[in-house]
Every structure is written in C-alpha cells, then in structure tokens.
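To start, the structure under review is shown below, and the notes come after it.
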Ligand SMILES: [Zn+2]
C-alpha cells in the first residue's frame, strides 16, 4: 500500500458503504413498505451487545447474524421498535433493541450476543461499521428516555433518529449525540510518546486522548490534553483522520502533534507510565513482545502511519 493510499484508508467502525437515506426517515409509508420487503434485514442489539455468528470458527472471524422483520417483530417489546439504518443495493437495513429480553439467545438460535470490542477486528469493515452505528444509536436511546429540557417522557420518531418530547408545551426534538474526543501521537524526530493507561491492566502502549471542552478548538484540546497527561508542550498539530468510537458514544479525531519539549511528567490518576519510544523499537514490537494499541483502533493507525513514514 502506498503512502497516499494509507492516508486515505477509512478507519475501522466507519465505512458501512450504505445510503443512510436520511431524507426518507420521516416518510412513514416508505418505511412501512421497506419493513414489508422480504429482503429487509434486521440487526438486533441487546444491552449494548451485538449479534454475530461464526464465519469461520478456526480463523475466529465473525459475521452479523441478521433477523427477518417477522422474527424481530415476534421478539419486540411492542410499539414501533424498528430503527432504520439505511439501504444498500435495494435492501433495507433496520436495527432493533431486544434489551427487554432476559435470554434473547434462547429465542434466536443462530447467533450469539457479544461485546463489539471483543470481535471488532474479526469482522469485515462494513459490518463493523453497521454494528457501531446500531450500538451507538441504541446507547443514545437508552440514555434519553426523558427530555433534558422539561423532564417529560420522550418518544422515538423519524425511524429512530430523533427523540421527541411528549409534553405538548415543549415538543423539543433531541438528536443522537456523538461526543468529540481528540487522540494524538506526540512525536519529535525519530521518537514518539506512548502511554500505559490505568484502564488497561496489562501494559499496552497507546497514544494520548481526551475530550474536547466547550469553547476550545481541536488543536487547543490536543495541546491541553498532552500537557495535562505528560507535561509536554506541543507545537505543530496536524489532523490525520477520524474514527467512530461507540464505547459508548464518541467520535475520535486523530492528530499528530510535534513536541517542543521532551521531559515527561505523567498525570498519575490516569496513566501508569508514559515514555519516549524509538521508531525502530515500535517497528519491532511484534518480535519484542511490546504490546501496542489494538489493530482496528485509530490509535494504532496514528502509530503505524508515523512509524512507516507516511507522516513526518
Ligand atoms: Zn420537553
């Protein structure tokens, strides 16, 4: 893969390669017709887990285990449970939340519910993106049963893409949230900074990351987070790419940041360790057993593209 192709590659959890048909979400007749289509596929989500089956047991690869509209309706908790994901090659794709069931697998035998992070890299990219899309939407539905403005109940509308306040005096529309976080590889010459976060019990080295605050540009957020976490001042900050991160509802905005100082002082509540790594040390990680961020993460992409020289 050439340097330019590498830079243009879509990150995992994006690339569903589907028409989201957003103008049709409010067209109730069109939605009804799609649900009646024998081709329609339904992606179930259960308590933030996704439904998959083994594609190849030996190779540990997975594929989405789809339901028919009929099967999904039989398991639904009444009402209008379908969320429209989109359409591809004339096939409509929906999702349904089955969290009300205690044992969903007893009712649907051909798959299993798993955490997306546990199977992420073992899915085709387009399927990983669909699971991320559905998981993110249902997480938002689950956390927004009441209007943030007046406290009344909200209801799902626009094929699951809006929650409307049911109070006639309020009627506020609430839209799905995705919260921006910056993630950055700090580098200087042939070295970069990686950190072992307290969230990971075993030493795994990854890039720094943090949430964007109100009234702050992305570049400012990068500089602030780097200084807070490792005490380094950064100069040039360059955007690389982004990645939907439905754990639970973020979009990761990836950067490379050039260090202007080298002394590290870690934020101990969040990090176990942070240090400078030589480019060669990272390039040889597989041989030396140095554990880096997961292969499907934007963190790894930022590291790999810097190590291979696609980013200078
Ligand atoms: Zn309200």
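Given N residues in the range 80-226, what is Rg(Cα) / (2.2 N^0.38 Å)?
Dividing the Cα radius of gyration by 2.2 N^0.38 Å gives 1.36.
In degrees, nearest 10, range 0 to 90: what is the angle between the Cα axis of helix 125-143 and the longest Cα principal axis of the chain?
Orientation of helix 125-143: about 70 degrees from the principal axis.
If you average 1/r across every pair of different Cα atoms in the chain and take the reciprocal, what Kirkwood value do you get, in Å?
Final number for the Kirkwood radius of the chain is 21.4 Å.
Calculate, for residue 258 and residue 118, the FRET efficiency according to 1/(1 + (r/R0)^6) with r their C-beta to C-beta distance and R0 35 Å; round to the nearest 0.05.
That gives a FRET efficiency of 0.50.
I'd like the distance between the alpha-carbon centres of the range 265-279 and the range 88-125, rounded to an integer number of Å.
If we compute the Cα centre of each part, the gap is 37 Å.
Given only helices, namely DSSP H runs of n ≥ 4 each adding -39500 (n - 2.57), what is the per-residue ellipticity at 222 nm of the chain, to the nearest 500 deg cm²/dmol? Don't skip to the end; give the middle numbers.
Numbers: 10 runs with 81 residues, N = 312.
That calculation yields -7000 deg cm²/dmol at 222 nm.
Angle check, please: helix 218-230 long axis (alpha carbons) against the longest principal axis of the chain (alpha carbons), in degrees 0 to 90, nearest 10.
So the helix axis and the longest Cα principal axis differ by about 60 degrees.
With N set to the residue count of the range 140-223, report its C-alpha Rg divided by 2.2 N^0.38 Å to two decimal places.
Normalised Cα radius of gyration, the range 140-223: 1.66.
With just the Cα atoms of the range 67-158, tell me how far they stretch along each of the three principal axes, in Å, largest first.
43, 31, 27
Among 169, 97, 17, which one shows the highest mean-square fluctuation when the chain is modelled as a Gaussian network with alpha-carbon springs under 10 Å?
Checking each option, the largest mean-square fluctuation is seen for 169.
Quick one: order 311, 83 by neighbouring beta-carbon count within 10 Å, fewest to most.
Fewest to most other Cβ atoms nearby, the residues stand as 311, 83.
Arrange 161, 187 by Cβ neighbour counts within 10 Å, fewest through most, would you?
Least to most surrounded, the residues fall as 161, 187.
For a quick check: sort 139, 174 by the number of other beta carbons within 10 angstrom, fewest at the front.
Sorted ascending by nearby Cβ count, the order is 174, 139.
Return one number: the angle in degrees, 0 to 90 and rounded to the nearest 10, between the long axis of the Cα atoms of helix 298-307 and the longest principal axis of the Cα atoms of the chain.
The two axes meet at around 30 degrees.
Find the relative contact order for the range 181-299 and round it to a whole percent, using C-alpha pairs within less than 8 Å whose residues are 6+ positions apart.
Result for the range 181-299 is 34 percent.
Among bridges DSSP assigns within the range 160-312, what percent are antiparallel (round to 5)?
Details: 27 of 37 bridges.
In the range 160-312, approximately 75 percent of DSSP beta bridges are antiparallel ones.
At 7 Å along the Cα-to-beta-carbon direction for both residue 100 and residue 284, put a label point, then send me their distance in nm to one decimal.
Going from the residue 100 label point to the residue 284 one covers 5.9 nm.
Compute and list, largest first, the equivalent-ellipsoid semi-axes of the range 1-152 from the alpha carbon gyration tensor, each √(5λ) rounded to a whole angstrom. Don't skip to the end; give the middle numbers.
Values: eigenvalues 130, 82, 61 Å².
Taking √(5λ) for each Cα gyration eigenvalue gives 26, 20, 17 Å.
Please report, to one decimal in angstroms, the Kirkwood hydrodynamic radius of the range 158-312 built from all distinct Cα-Cα pairs.
16.8
Report the Cα centroid-to-centroid distance between the range 175-195 and the range 26-71 in angstrom, as an integer.
Result: 33 Å between the Cα centres.
Determine the shape class of the range 121-174: with a ≥ b ≥ c the square roots of the Cα gyration tensor eigenvalues, call it rounded for a/c under 1.5, and otherwise prolate if a/b is greater than b/c, oblate otherwise.
Because a/c hits 1.5 or more and a/b exceeds b/c, the range 121-174 counts as prolate.
Given the options 121, 70, 254, state which has the largest fluctuation in a GNM of the chain using a 10 Å cut-off (strictly under) for Cα springs.
70
What do you get when you divide the Cα radius of gyration of the range 225-312 by 2.2 N^0.38 Å, with N the number of residues?
Numbers: Rg = 13.8 Å, N = 88, 2.2 N^0.38 = 12.1 Å.
Against the compact-globule rule of thumb, the ratio is 1.15.
Where does each of 228-239, 286-297 land if you order them by average Cβ count within 10 Å, highest first?
Order by mean packing, descending: 228-239, 286-297.
No value in this document is a laboratory result; all are computed from the given coordinates. Remember, it's a predicted structure, so these values are computed and weren't measured experimentally. With ideal geometry, Cβ positions are generated from the backbone for all residues, glycine too; neighbour counts draw on all protein chains shown.
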